[in-house]
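Chemist: Sharing a structure below in C-alpha cells format, with a few things to ask.
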Amino acid sequence: MPMDETTTDKDRALIALLRENARAPVAEIARRLGVSRTTVQSRIDRLERAGIVVGYTARLSADYEAGLVRAHVMIVAAPKLTPAVTKALAAMPELRRLLSVSGAFDMIAEVAAESVAALDAVIDRIGALDGVERTQTSVVLSTRFAR
C-alpha cells in the first residue's frame, strides 16, 4: 500500500513516532497524537495488516555503534547464483544492509563488526560464497553525517 494514497496525516505522524521509539506505550503515543489509545492501537493494527509497518527493530547506542568497524563490500555475483548469494548474505548477522546496484558491481553489502579481525573474517566468508566472483572492500573511516 503506497503511503501517499491511503495514509492520513495522523498515520504519518504515528509512523514517525514508531520510528522514533517503537516501544513507546500506546498511551504515550495517543497523548502525543491527541487521540485515544484505541484509535492508536487500531491505526497500528491497520498499518501492520496493510503491510506498511512490517516489524520493529532495536536502535543501538551511538557509543556502541562508534566502536564497530564498518565497511562497504562491493560484490560481483554470478547471475544465476545471485538468489543463493543473497540468501547466504542475509544469514550473516554482521550485514546491516544489502543493496542491488548498477555499474561494475552487482551488490553492496554494508557490514559492521566488533573488530578489524572480525571484519576480515566476514569479508573472507563473503568471498568464499559459491557464486561470489569478486569483492572489493572500502572500510568506513568516519561518518560525516547521517539522516
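The values are calculated or read from the model by the stated rules, or taken from the named source; none is laboratory data. Keep in mind the model is a prediction, meaning the values are calculated, not measured. Methodologically, a virtual Cβ is constructed for each residue, glycine included, from the backbone with ideal geometry; neighbour enumeration extends over all protein chains shown. Only protein heavy atoms, including side chains, enter the accessible area calculation; ligands, DNA and RNA are left aside. Shrake-Rupley method; radii C 1.70, N 1.55, O 1.52, S 1.80 Å.
Chemist: Is there any pair linking a residue in segment 45-57 that is aliphatic (A, V, I, L, M) to one that is open to solvent by 50 Å² or more (accessible area, probe 1.4 Å), with Cβ under 6 Å and at least six apart or on different chains, and which?
Modeler: Ala50/Met1; Ile52/Met1
Okay, residues lined up against (1) in contact with a Ser or Thr (Cβ under 8 Å, 6 or more places away or on another chain); (2) at pLDDT 90 or above; (3) of a type outside the set (A, V, I, L, M):
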residue	(1), (2), (3)
Asp4	no, no, yes
Arg19	no, no, yes
Ala30	yes, yes, no
Ser42	no, yes, yes
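Chemist: In segment 87-101, is there at least one residue being farther than 20 Å from Gly131 by Cα and outside any helix (DSSP H, G or I)?
Modeler: Among the residues of segment 87-101, at least one is farther than 20 Å from Gly131 by Cα and outside any helix (DSSP H, G or I), which makes the answer yes.
Chemist: A further question follows. For segment 63-70, indicate whether the set of residues that are farther than 30 Å from Arg144 by Cβ, among the hydrophobic types (A, V, I, L, M, F, W, C) and touching a helix residue (DSSP H, G or I) at 6+ places or on another chain (Cβ under 7 Å) is non-empty.
Modeler: The answer is no; no qualifying residue exists.
Chemist: Output the number of residues of segment 76-85 satisfying the condition of being buried (at least 18 other Cβ atoms within 10 Å of the Cβ) and either of a type in the set (S, T, N, Q) or over 19 Å from the mean Cα position of the chain (by Cα) (or both).
Modeler: 1
Chemist: Quickly run through segment 21-71 and pick out the residues that are more than 29 Å from Ala118 (Cβ to Cβ) and among the basic types (Lys, Arg).
Modeler: If the condition is that a residue be more than 29 Å from Ala118 (Cβ to Cβ) and among the basic types (Lys, Arg), then Arg31, Arg32, Arg37, Arg43, Arg46, Arg49 are the ones that fit.
Chemist: Starting from segment 88-105, keep only residues that are free of Cβ contacts under 8 Å to residues at least 60 places away in the same chain and among the polar types (S, T, N, Q), then list their pairs with residues that are in a loop (DSSP other than H, G, I, E, B) and surrounded by 11 or more Cβ atoms within 10 Å (Cβ to Cβ) whose Cβ atoms are within a distance under 9 Å, requiring at least 6 positions of separation or different chains.
Modeler: Once the first residue is free of Cβ contacts under 8 Å to residues at least 60 places away in the same chain and among the polar types (S, T, N, Q) and sits in segment 88-105, its partners that are in a loop (DSSP other than H, G, I, E, B) and surrounded by 11 or more Cβ atoms within 10 Å (Cβ to Cβ) give Ser100/Asp106.
Chemist: Gly51 versus (1) open to solvent by less than 70 Å² (accessible area, probe 1.4 Å); (2) over 30 Å from Asp11 (Cβ atoms): which is the lone unmet condition?
Modeler: Of everything listed in (1) open to solvent by less than 70 Å² (accessible area, probe 1.4 Å); (2) over 30 Å from Asp11 (Cβ atoms), Gly51 misses just condition (2).
Chemist: Just need a number here: residues in segment 8-34 that are in a loop (DSSP other than H, G, I, E, B) and farther than 25 Å from Leu60 by Cβ.
Modeler: Residues in segment 8-34 being in a loop (DSSP other than H, G, I, E, B) and farther than 25 Å from Leu60 by Cβ: 2 in total.
Chemist: Name the residues in segment 97-138 that are at positive phi and either loosely packed, with under 12 Cβ neighbours inside 10 Å or modelled with pLDDT under 95 (or both), would you?
Modeler: Gly103
Chemist: Any idea which of (1) under 30 Å from Asn21 (Cβ atoms); (2) under 15 Å from the mean Cα position of the chain (by Cα) is the one Ala66 doesn't satisfy?
Modeler: It fails just one condition, (2).
Chemist: Let me ask you something else. Against the conditions (1) under 18 Å from the mean Cα position of the chain (by Cα); (2) in contact (Cβ under 8 Å) with a residue 40 or more places away in the chain; (3) part of a helix (DSSP H, G or I), where does Val73 fall short? Just the number, please.
Modeler: (3)
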